[in-house]
């Protein structure tokens, strides 16, 4: 099962052109939905106005080279490693979901456009990655949904309580779940059940991509922008009005108030963060 | 003025909910981000502002001394053991402060109270303890603990829906807690009636002779029965009754 291309098997009943058209429509929906979201919520306008205001208040000028360095740092730390998360469990769940989704989407596109029929044998690695990607989303998503989600972990709410805020995570996890079940049923030779789960897979995937204006799908675009802005703010001294003095700065070590810490190690370890916040 | 949360910065980690002494920072059930449920009750203690790892909580200053354009922001850097404040005034002037919050690595300077010698009889009979509750003065022997009173510590908060659903003891606990939370009959003003006194277990009989009317007054109201969930409300009720 894990080495077979489910879309090639599906080509016996559905034309590869229809599958390819569906993938293109979904891609168009992502672009259109994100643009609509950006215009409707004025997020781009807010971002650029904030940048302009930050530049006006800047204490130091940040050059182009420095900005490129900050962009690389943002891409590596904040995007690739989900560096914004303080809770390590949530960070791991997010990384599983994020990389799983990327692998799932990319391998789907490769299989649908590159190897749409059994006539063009699919490299095993591509098919295996499709399953691994879907499983990663399921592991990260269900772990998050049942155990880490704030109102489940903290407030003891039922995991079956759904809000509009859950649209993205629910459709994402169900899409991968239905996709896996459909692929398994297709290989196992249950055409009726396979068709039902294919229908569920398509409905769910359509909601995932068409529901962008109402879900948090576009966080994958505006979160890196916000992280970049935060880093630029730190570099130019505005730092969202947050204090910028730190103890490791030799200038600050001369402060009278720092006398008590002259012999103290620079890393004092974790204080209240030694314990996860769960005493609600 | 009370705290408020920048919803776009908050990631719902719960540190503010955990630390708020007034219990007014909660997670919004719809957006799953923190918010101040009762701004009137906020002391502006800044605990949540300092604890927030995303710097998503802020406090507006009062308009008379901090007019529009001001900013008071804080960064509690646990790793470095410092707290930094940055105060921006309306005219652009700035004040920056940096102070230590610990001088030793966290968790390394916890006093070992078990190794400290017990107070002598003279110390316990000291007039300085006259106004202290007798369980602090240890008139009846050692310190009162849950164990010495025949109680056990029970988990009173459920962190996970699975625990709540699967644990049979949970339902027993909740029914007991509900029974305790039911309004108790109030005594007449000045009659000395104590909240839920009758429902509380009796403490072991004292062997120490009572030295004063106050010392002989039973202080059972400060002890909750096994399994009782100690909330702020019950705590204040018991304190008010002693």
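The values are calculated or read from the model by the stated rules, or taken from the named source; none is laboratory data. Keep in mind the model is a prediction, meaning the values are calculated, not measured. Note that we place each Cβ from the backbone using ideal geometry, even for glycine, and neighbour counts take in every protein chain shown.
So, of the residues in the stretch A:208-258 that are touching a residue at least 12 places away in the same chain (Cβ under 8 Å), outside any helix (DSSP H, G or I) and within 14 Å of chain B (Cβ to nearest Cβ), which turns out to be surrounded by the fewest Cβ atoms within 10 Å (Cβ to Cβ)?
Only one residue fits best here, namely A:248.
May I ask you to verify whether residue A:101 is closer than 18 Å to residue A:22 by Cβ, surrounded by fewer than 16 Cβ atoms within 10 Å (Cβ to Cβ) and modelled with pLDDT of 95 or more?
no
Please go through the stretch B:23-45 and give me each residue that is surrounded by fewer than 17 Cβ atoms within 10 Å (Cβ to Cβ) and assigned to a loop (DSSP other than H, G, I, E, B), ordered by number.
B:23, B:29, B:30, B:31, B:37, B:38, B:43, B:44, B:45
Of the residues in the stretch B:8-22, how many are in contact with a helix residue (DSSP H, G or I) (Cβ under 7 Å, 6 or more places away or on another chain), surrounded by 19 or more Cβ atoms within 10 Å (Cβ to Cβ) and not in a loop (DSSP other than H, G, I, E, B)?
So the count comes out to 2.
Residue A:187 fails exactly one of the following numbered conditions: (1) touching a residue at least 60 places away in the same chain (Cβ under 8 Å); (2) farther than 28 Å from residue A:145 by Cα; (3) touching a helix residue (DSSP H, G or I) at 6+ places or on another chain (Cβ under 7 Å). What is the number of that condition?
(3)
Surrounded by fewer than 17 Cβ atoms within 10 Å (Cβ to Cβ), in contact with a helix residue (DSSP H, G or I) (Cβ under 8 Å, 6 or more places away or on another chain) and more than 14 Å from chain B (Cβ to nearest Cβ), is that true of residue A:195?
no
Which residue, of A:135, A:167, is under 18 Å from the mean Cα position of the chain (by Cα), part of a helix (DSSP H, G or I) and farther than 20 Å from residue A:216 by Cβ?
A:135
Taking into account only those residues within the stretch A:84-98 that are surrounded by fewer than 19 Cβ atoms within 10 Å (Cβ to Cβ) and more than 14 Å from chain B (Cβ to nearest Cβ), which is farthest from residue A:23 (Cα to Cα)?
The residue in question is A:92.
Going by the structure shown, is residue A:113 surrounded by fewer than 17 Cβ atoms within 10 Å (Cβ to Cβ) and within 14 Å of chain B (Cβ to nearest Cβ)?
No.
Considering (1) closer than 22 Å to residue A:198 by Cα; (2) within 14 Å of chain B (Cβ to nearest Cβ); (3) not in a helix (DSSP H, G or I), say which one residue A:157 fails and leave the rest.
(1)
Quick check: anything in the stretch A:122-130 within 14 Å of chain B (Cβ to nearest Cβ) and in a loop (DSSP other than H, G, I, E, B)?
no
Checking residue A:189 against (1) away from chain B (no Cβ under 14 Å); (2) at negative phi; (3) modelled with pLDDT under 95: exactly one of these is not met. Which one?
Tallying (1) away from chain B (no Cβ under 14 Å); (2) at negative phi; (3) modelled with pLDDT under 95, residue A:189 fails exactly one: (2).
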